[in-house]
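Take a look at the structure set out below.
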Amino acid sequence: MAPTMSFRWYGEKDDPIPLRHIRQIPAVENVVGALFDIPVGEVWPSASIEALKAQVNAAGLNLEVIESVNVHDDIKIGLPSRDRLIDNYRTTIRNLAGVGVKVICYNFMPVFDWLRTTLNYKLPAGSYVLQYDDAVATSQTPEELSRTVAANSGGFTLPGWEEDRLADLHELFAMYAGIDADGLRANLRYFLEGVVPVCEEVGIRMALHPDDPPKSLFGLPRIVKNLDDLKWITEQVDSPANALTVCTGSLGEDPANDVPAIMRYFSERDRVPFVHLRNIRWTGNGSFHESAHLSRSGSLDMYEIVRALVETGFDGYARPDHGRMIWDEVGRPGYGLYDRALGIAYLNGLFEAIEKGAQRSAQP
Ligand SMILES: [Mn+2]
């Protein structure tokens, strides 16, 4: 049972990669898309989703995974406005189901999305990758770090770290002042109790992405970091619709996380509709950089990760997540065409070899 190989696409306006190139990557059938111009918390209109789907379908691809429908900070903080916002989220779920979407990837990180300290870290062979230097990240204020990243990264900023947003940062931090990890967990449970019944009704699965990196930063709690966190979350609302995006890179950034074991644990319990398959290399003291997908290129054993998926009958969606920037490609750091396509070619090979090996050893 092969995964539905997928590729993230930022839309005609913001992604230099045309859909027809994505269609040419071996085995890719599905686009992981989103509407990027809807403010967080607002309903995604059916007509806009339909238009995106029509574009994707015209290129011979499907639109069955959305990444992300972001969760408003008021929900994470637990403000009274959350009920209206969760209601909007439910309407968005219904609208997405109406055009055939099956999985919604989301995260529950306070204030910021994923964090790196440079988006242009040069590896010895001359490729560029995203890098996280823990000493830099933990010694700077968010404002300082935002400037550091922009200076290191040719003007690219991290998602959620845009200048206009940084202006409101003090206010946002103040609102999180009373929220510790348990408070954030209670607010996640409240959110899940609000949306999962609608998901069950319309046939969509919520797939929570781990925190990246999987640790607390700037004094903000993070609650999606490891096996215990993920167990707690999946046990709160016991439904296949309360599911996970197992991102091997994010979880693997903490050397204490046994990523193949985590993958196996949740896949055999049918809580993994979507996986992000990428590798990283630990460089000591909590720091890491991203790498090519091969096991030998980084610190994660990609063979064992794919074996965990095959042996648990995984039949969900997979994407190569980030790649290196190679061959002088100009584009969005981490989201170039070439290395993500190479990553898919490698993953296709791993899946075929492990599946056929399993079939052969099952024969009398
Ligand atoms: Mn990921």
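Where a number appears in this text, it was derived from the coordinates with a stated rule and is not lab data. What you see is a predicted model; the values in this text were computed from it and never measured. Counting neighbours? That spans all protein chains shown, and the Cβs are built from the backbone with ideal geometry, glycine included.
How long is the gain from Ser361 to Arg23 if the chain were fully straight, where each residue apart is worth 0.36 nm and the alpha carbon distance is subtracted?
Working: separation 338, 0.36 × 338 = 121.68 nm, distance 3.37 nm.
Full extension of this stretch gives 118.3 nm more.
Counting Lys +1, Arg +1, Asp -1, Glu -1, what net charge surrounds Arg271 among other residues with beta carbon under 12 Å of its beta carbon? Don't skip to the answer; put the middle values down first.
On the way: positive: Arg205, Lys231, Arg264, Arg269; negative: Glu235, Asp238, Glu268, Asp270.
Result for the local shell: 0.
At Asp37 and Glu50, where each label point lies 7 Å from the Cα along Cα→Cβ, what is the point-to-point distance in nanometres?
Those two pseudo-labels are separated by 1.8 nm.
Have a look at the DSSP beta bridges in the chain and tell me what percent are antiparallel, nearest 5.
On the way: 11 of 36 bridges.
Close to 30 percent.
Consider a paramagnetic label point 7 Å from the Cα of Lys13 along Cα→Cβ; state which residues of the stretch 136-174 have an amide N under 12 Å from it.
Answer for the stretch 136-174: none.
Can you pull the one-decimal nm distance between simple spin-label points at Ala186 and Asp87, each 7 Å off the Cα toward Cβ?
2.4
Are there GluC sites (Glu not before Pro) in the stretch 246-340 that DSSP puts in a loop and that have at most 15 other Cβ atoms within 10 Å, and which ones?
Listed in order of number, the matching sites are Glu268.
Please report the spacing between the Cα centers of the stretch 228-303 and the stretch 90-166 in Å, no decimals.
Each part's Cα centre sits 18 Å from the other's.
Please order Arg360, Arg116, Arg332, Arg271 by the number of other Cβ within 10 Å, starting at the fewest. Don't skip to the end; give the middle numbers.
Values: Arg360 8, Arg116 27, Arg332 16, Arg271 22.
Exposure proxy ranking, most exposed first: Arg360, Arg332, Arg271, Arg116.
For a quick check: sort Arg296, Arg94 by the number of other beta carbons within 10 angstrom, fewest at the front.
Fewest-to-most Cβ neighbours within 10 Å comes out as Arg296, Arg94.
Arrange Val195, Val330, Val237 by Cβ neighbour counts within 10 Å, fewest through most, would you?
On the way: Val195 26, Val330 8, Val237 20.
Fewest-to-most ranking of Val195, Val330, Val237: Val330, Val237, Val195.
Please list, in order along the stretch 183-192, the HN-Hα scalar couplings obtained from phi with the Karplus expression 6.51 cos²θ - 1.76 cosθ + 1.60 (θ = phi - 60°), rounded to whole Hz, x for Gly and Pro.
For the stretch 183-192, the Karplus curve yields x, 5, 4, 4, 6, 5, 4, 4, 4, 5 Hz.
The stretch 316-333 to the stretch 1-80: how many Å between their Cα centroids?
So the two Cα centres are separated by 16 Å.
Using a 10 Å Cβ count of at most 12 others and DSSP loop calls, identify the longest part of the chain lacking such chymotrypsin sites (Phe, Trp or Tyr not before Pro).
Between the exposed loop sites, the longest stretch runs 37-326.
Over the stretch 4-362, what relative contact order in percent results from Cα pairs under 8 Å that are six or more residues apart?
So the answer I get is 17 percent.
So what is the orientation-averaged projected area of the chain, using the convex hull of its C-alpha atoms, in nm²?
The directionally averaged projection comes out at 17.7 nm².
Any chance you could list P(r) for the stretch 222-364, counting all Cα-Cα pairs in 5 angstrom bins from zero, rounded to whole %?
With 5 Å bins starting at 0, P(r) equals 2, 10, 18, 21, 19, 15, 10, 4, 1, 0, 0.
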